1. Testing Cys94 on (1) at pLDDT below 95; (2) within 13 Å of the ligand (Cβ to nearest atom), one condition comes back false. Which one is that?
2. Go through segment 1-117 and tell me which helices (runs of 4 or more DSSP H), entirely inside it, have 1 or more residues that are within 18 Å of the chain's Cα centre (by Cα), without any contact (Cβ under 8 Å) to a residue 40 or more places away in the chain and farther than 23 Å from Trp139 by Cα.
3. Scan segment 137-150 and give yes if some residue there is more than 16 Å from the ligand (Cβ to nearest atom) and over 30 Å from Gly30 (Cα atoms), otherwise no.
4. Write out, first by first residue and then by second, each pair whose Cβ atoms fall under 9 Å of each other, whose residues are 6+ apart or on separate chains, and whose first residue, in segment 136-154, is on the phi > 0 side of the Ramachandran plot while the second is surrounded by fewer than 18 Cβ atoms within 10 Å (Cβ to Cβ).
5. Which of the residues that make up segment 24-70 are surrounded by fewer than 16 Cβ atoms within 10 Å (Cβ to Cβ), within 13 Å of the ligand (Cβ to nearest atom) and of a type outside the set (D, E, K, R)?
6. Considering only segment 183-198, state which residues are surrounded by 15 or more Cβ atoms within 10 Å (Cβ to Cβ) and not in a loop (DSSP other than H, G, I, E, B).
7. Name the one entry in Leu145, Leu180, Leu161 that is loosely packed, with under 14 Cβ neighbours inside 10 Å and under 28 Å from Ile76 (Cβ atoms).
Amino acid sequence: MNQVLEAVLAANRDYVAEFGDKGNLPLPPGRHFAILTCMDARLDPAKYAGLAEGDAHVIRNAGGRASDDAIRSLIISYKLLGTREWFVIHHTDCGMQLFTDEIIRGLLSSSLETAVIDENGWRDVGRGTGSSEAEFIDWLTFKDLAESVYVDVKRIRNHPLVPAAIPIYGFIYDVKTGQLIEVPKATEVGQAKSSVAA
Ligand code: ZN
């Protein structure tokens with residue numbers, strides 16, 4: 001068995017041994033909130049936001065972007081599972097700031113092997129043929145971190161399937177310190193509005 005697979009299964013056996021009564025947790029998140037954040041390996045939402053099993057929904061993708069699919073999850077999160085507050089959390093040193101649609105499309109069109117980055121930028125070292133299929137994916141890269149948080153909170157806020165009563169908070173996680181730093185204009189645009197008009 002390969003080493004990663006073996007290590008994961010060994011860790012899981014330990015987890016099962018200590019699982020306790022977590023098998024009785026209800027499906028809806030007990031603390032009624034959801035976090036949309038980046039898949040970056042340095043981020044551990046359970047630790048940075050103090051979550052235990054059963055507490056909250058955590059939706060992750062490259063960048064923590066408000067993609068159609070992230071919004072799909074958030075809508076299920078409130079409509080069927082009762083979350084009432086949402087966080088959008090991007091982070092410093094995000095890999096999504098290191099390339100553009102054009103760059104990743106170019107890399108994938110020449111090879112499907114892992115590319116390298118150095119002082120001259122991204123470079124393909126792989127052999128073989130790539131694919132033009134990357135042309136059809138919106139990679140949701142960004143240049144300005146606070147702006148990406150703002151744009152994503154705003155998109156979720158203005159989505160026709162998102163109720164006005166859900167507040168959406170915008171934050172940046174600092175990978176150097178572990179601190180969550182608010183993006184005030186994002187939280188402001190994400191403010192809940194009274195759900196029932198008088
Ligand atoms: Zn990231």
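1. Status for Cys94: all satisfied but (1).
2. On the way: elements: 3-17, 45-48, 68-79, 101-110.
Because the criterion is at least 1 residues that are within 18 Å of the chain's Cα centre (by Cα), without any contact (Cβ under 8 Å) to a residue 40 or more places away in the chain and farther than 23 Å from Trp139 by Cα, the helices (runs of 4 or more DSSP H) in segment 1-117 that meet it are 45-48, 68-79.
3. yes
4. Partner pairs satisfying both residue conditions: Leu140/Asn61; Leu140/Ala62; Leu140/Asp101.
5. Met39, Ala41, Ala62 - these are the residues of segment 24-70 that are surrounded by fewer than 16 Cβ atoms within 10 Å (Cβ to Cβ), within 13 Å of the ligand (Cβ to nearest atom) and of a type outside the set (D, E, K, R).
6. First, the residues of segment 183-198 that are surrounded by 15 or more Cβ atoms within 10 Å (Cβ to Cβ): 183, 185-187, 189-190.
Selection gives Lys185, Ala186, Thr187, Val189.
7. Leu161
The values are calculated or read from the model by the stated rules, or taken from the named source; none is laboratory data. Keep in mind that what you see is a predicted model, and the values were worked out from it rather than measured. Cβ coordinates were reconstructed from backbone atoms using ideal geometry, including for glycine residues, and neighbour counts include every protein chain displayed.
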